[in-house]
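Report on the structure given below.
The values are calculated or read from the model by the stated rules, or taken from the named source; none is laboratory data. What you see is a predicted model, and the numbers here were worked out from it, not measured in a lab. A quick note on method: Cβ atoms are made from the backbone with ideal geometry, for glycine too, and the neighbour counts reach across all protein chains shown. What goes into the accessible areas is simple: the full protein's heavy atoms, side chains included, and nothing from ligands, DNA or RNA. Shrake-Rupley method; radii C 1.70, N 1.55, O 1.52, S 1.80 Å.
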Amino acid sequence: MPTPPLIAFAHVGKSFDGGRGAARVRAVNDVSLEVAEGEFLAIVGGSGSGKTTLLRLANRLIDADEGRLTVEGEDVRALDPIQLRRRIGYVFQSGGLFPHFSVAGNIGITPKLVGTPPNEISARVDELLDLVRLDRALYRDRFPHELSGGQRQRVGVARALAAKPRIVLMDEPFGALDPLTRDALGDDYRELHRQLGLTTVMITHDMTEALLLADRIAVMRAGRLLAQGTPAQLSHSGDPYVGDLLRTPRRQAERLGALLPRDGAA
Amino acid sequence: MSFFSDPRWGEALAHLPDYLGNHVRVSVTALALGLAVSLPLAIAARNRPIPRGALLGLASIVQTVPGLALLALFYPLLLALAALSLSWFGIGFSAFGFLPAVLALALYSMLPVLRNTITGLQGVDAAILEAAQGVGMTPRQSLFQVELPLALPVMMAGIRTAAVWVIGTATLSTPIGQTSLGNYIFAGLQTQNWVFVLFGCLAAAVLALAVDQLLSLIEAGVRGRSRLRVALGGVGIAMLVVATLVPSMARLPSGIIVGAKTFAEQYVLSALIAQRLRAAGFSASSREGLGSNVVFEALAADDIDVYVDYSGTLWANQFHRTDSKPREELLAELKTTLAQQGITLLGELGFENAYALVMTRRRAEALGIRSIADLAAHAPGMSMAADYEFFSRPEWAGLQKAYGLTFRAQRQMQPDFMYAAAASGEVDVIAGYTSDGLIAKHDLVVLDDTRRAIPPYDSIVLLAPKRADDHALKAALAPLLGRIDIASMREANLRAAGGDGESSPDAVARWLWERIGAR
Ligand SMILES: Nc1ncnc2c1ncn2[C@@H]1O[C@H](COP(=O)(O)OP(=O)(O)O)[C@@H](O)[C@H]1O
Ligand SMILES: [Mg+2]
């Protein structure tokens, strides 16, 4: 590998109390994973496989029980979690916008926390609205409940980018959107990722989305990392679960190819 | 005379700046203190189940204590604290009026604020909390920028409830010496002045509604993120506070403060004393409706300057004496005991207001009953009524011991209704008050206490320690001493219970002065 990884998990583990006598849940179990600078990594897996937990470990929303985790070469345990979170962009599954802040207030929150002057924040908000393709005049002063789901996620992405992070973590950012919006947002974000030179880790339960957007895919199941690699590398994986995951997009592609001929009038 | 042309409306209105101003002052201070304590406690306890439960439990228990009792409890508590503080640090403070009222009301305001703050904070979506962390907020920033603003509507609802409770309950702070809109209600109930009662209730209700509406404007502004409404509500509250405080600041009690307990005779006598003092060039104001034990402690602590008490009451209640003595001896001994506390027993007014066993003249004559000793033989077949405290007082124990009295039935009654109940035959005997005008009105007789089981109850004028050497004050009061005979006082009391424009304590006091001063 030419450059050192920007994020590196080394034998990382995290358990939770099952609560009320239930056994402890090993949400993340001995995961080793590296994300190179500029890379777009997708984490795929079923519900409860530990994807969110893995992501939360990376910006210390929770702390690992085992193993070592480095961000930009530094062990996260040695870093102040507040500072760490301010320099990593995070897009939440449900948007996680503050309902009592306007769009501008939401986008500008992290710069405001680090003490950026208000006029700079204002200019940055406009820049970001352009970047995520929301009309400044129309949306700047709206509140989250006045936005569609897709618009909310665009604001969520803008908020994550506001403090000019090198790393963006996204937890099923487009999962709750209709297919068209989701496609458009995915493409737009992929473009931003390239343009801004970001390093992105995106969780999705949708293998098709992962294949379309990511450079590399990591597959999780029951807390373990089953496989990782480019789509081509994954398709050679001997693991039956990975094979299962790849079968659906493959079959869809074949059927669509038959149903929608490229040179057709449609 | 029509209901609204009753001169008592004008009289009530004249008291409004003073009563309302004091009411607002004590309510606002109590609410501010309540919030200052409850909000941090609720915030600190929100994520800790055990302190949270303990806090809410305690606040709920406080809430179940009746307002009147809570206020009354704070008075002796503070008295004891003041005494401790004086002996330990040499710093005394007044346990009278404002302080106990503020503390009790603040405690009363805590439950809705605690409950709604905790509920509001716990109701904030976990995903929003995680987002706050995720964008890099410190726990403090998350609290102030996210959790509190989102919980604010629920918190405001709690604050509104607390405000309305405090304003309503503040009417009960009159008996512990805090002037409030309750002064109308207590005075009105005692002197059958329904105009005052109505006026007091209306004023308190209007104040509570106004504050509630202004707070709800703020609440709506907070919910709808309308700065304008929040500002309007805030300005409204501020204006209300200023408007009610300014006039009452201008007339902060100055000069001589005349105390009065919670019954009509006391209102009349304090009005009479205040009138005489003003005639002598003093400035004087009345502090009425004080609890029977509060008024004496207030005098001893120099919180009020002068009031009228009764020798037997002090003998039994303040000095816990169970023996009885002849009049002169008892007065002399009382005078020395009071002097040890610096209190001056200026002299007797001339009449007695003692407990006495009373029955209808017709029945007494038919049975040949003249004295309590005569009554004892008939008592087992009779029923008896008294006020709420009589049966637990030493006088009753003394009567039972001296005459071997036992009745078929004993009932407790509102004093005003006792006499009518005796007159109608609903009860056979009552423990009445000798100076009550209703005795003559209902043609009742007082039975002789030949064995002197009931101590004498001479009405006496007491002066606070700081007035011990005030000769001008003593001279101004001297014309009252020995001048008020029992017949005059009875008639004055009857007039005070008249329930019309001529029955205000001031009017009756003027009438009384004309009657006794003319002689
Ligand atoms: N804060 C927590 N407390 C207890 N259990 C948790 C917590 N967070 C996650 N878990 C458990 O850890 C496992 C993995 O959860 P998660 O990482 O959210 O999965 P995914 O995002 O892949 O759906 C699940 O069994 C979940 O119930
Ligand atoms: Mg998840």
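Taking A:L6, is it in contact (Cβ under 8 Å) with a residue 12 or more places away in the chain and within 14 Å of chain B (Cβ to nearest Cβ)?
In short, no.
Could you count how many residues in region A:122-144 are among the aromatic types (F, W, Y) and within 14 Å of chain B (Cβ to nearest Cβ)?
Total satisfying the criteria: 1.
Do the conditions hold for B:S94, that is, is it among the polar types (S, T, N, Q), open to solvent by 10 Å² or more (accessible area, probe 1.4 Å), closer than 18 Å to B:A300 by Cβ and not in a helix (DSSP H, G or I)?
For B:S94, the condition - among the polar types (S, T, N, Q), open to solvent by 10 Å² or more (accessible area, probe 1.4 Å), closer than 18 Å to B:A300 by Cβ and not in a helix (DSSP H, G or I) - is met.
Can we say A:V168 is away from ligand 2 (no atom under 16 Å from the Cβ), buried (at least 20 other Cβ atoms within 10 Å of the Cβ) and part of a strand (DSSP E or B)?
yes
Taking the condition surrounded by 19 or more Cβ atoms within 10 Å (Cβ to Cβ), closer than 30 Å to B:E352 by Cβ and of a type in the set (D, E, K, R), does B:E219 pass?
In short, no.
Is it the case that region B:120-138 has a residue that's modelled with pLDDT of 90 or more, buried (at least 20 other Cβ atoms within 10 Å of the Cβ) and more than 29 Å from A:D80 (Cα to Cα)?
Checked against the condition, which is being modelled with pLDDT of 90 or more, buried (at least 20 other Cβ atoms within 10 Å of the Cβ) and more than 29 Å from A:D80 (Cα to Cα), region B:120-138 yields at least one hit.
Do any residues in region B:472-500 that are closer than 12 Å to B:L277 by Cβ and open to solvent by 30 Å² or more (accessible area, probe 1.4 Å) have Cβ atoms under 8 Å from those of residues that are in a helix (DSSP H, G or I) and charged (D, E, K, R), where the two are at least six apart or on different chains, and which pairs are they?
B:P479/B:R276
How about region A:142-194: which of its residues are of a type in the set (D, E) and within 25 Å of A:T53 (Cα to Cα)?
Those that are of a type in the set (D, E) and within 25 Å of A:T53 (Cα to Cα): A:D171, A:E172.
Taking the criterion of being more than 14 Å from chain B (Cβ to nearest Cβ), on the phi < 0 side of the Ramachandran plot and within 16 Å of ligand 1 (Cβ to nearest atom), would at least one residue in region A:181-189 satisfy it?
no
Would you be able to tell me the number of residues in region A:58-80 that are more than 8 Å from every other protein chain (Cβ to nearest Cβ) and closer than 23 Å to A:G223 by Cβ?
Result for region A:58-80: 15.
Residues being within 16 Å of ligand 2 (Cβ to nearest atom), outside any loop (DSSP other than H, G, I, E, B) and modelled with pLDDT under 90: count how many of those fall in region A:171-188.
The qualifying residues number 0.
Restricting region A:51-78 to residues that are small (G, A, S) and surrounded by 15 or more Cβ atoms within 10 Å (Cβ to Cβ), which is farthest from ligand 2 (Cβ to nearest atom)?
Ranking the candidates gives A:G67 first.
Please work out which residue is most open to solvent (accessible area, probe 1.4 Å), limiting yourself to region A:17-50 and to residues that are within 15 Å of ligand 2 (Cβ to nearest atom) and touching a Ser or Thr at 6+ places or on another chain (Cβ under 8 Å).
Ranking the qualifying residues of region A:17-50, first place goes to A:V25.
Hey, could you check region B:261-296 for residues that are under 25 Å from B:A69 (Cα atoms) and surrounded by fewer than 20 Cβ atoms within 10 Å (Cβ to Cβ) and say which is farthest from the chain's Cα centre (by Cα)?
B:N293
Could you list all residues from region B:387-409 that are more than 19 Å from B:S324 (Cβ to Cβ) and surrounded by 15 or more Cβ atoms within 10 Å (Cβ to Cβ)?
Passing the criteria: B:D387, B:F407.
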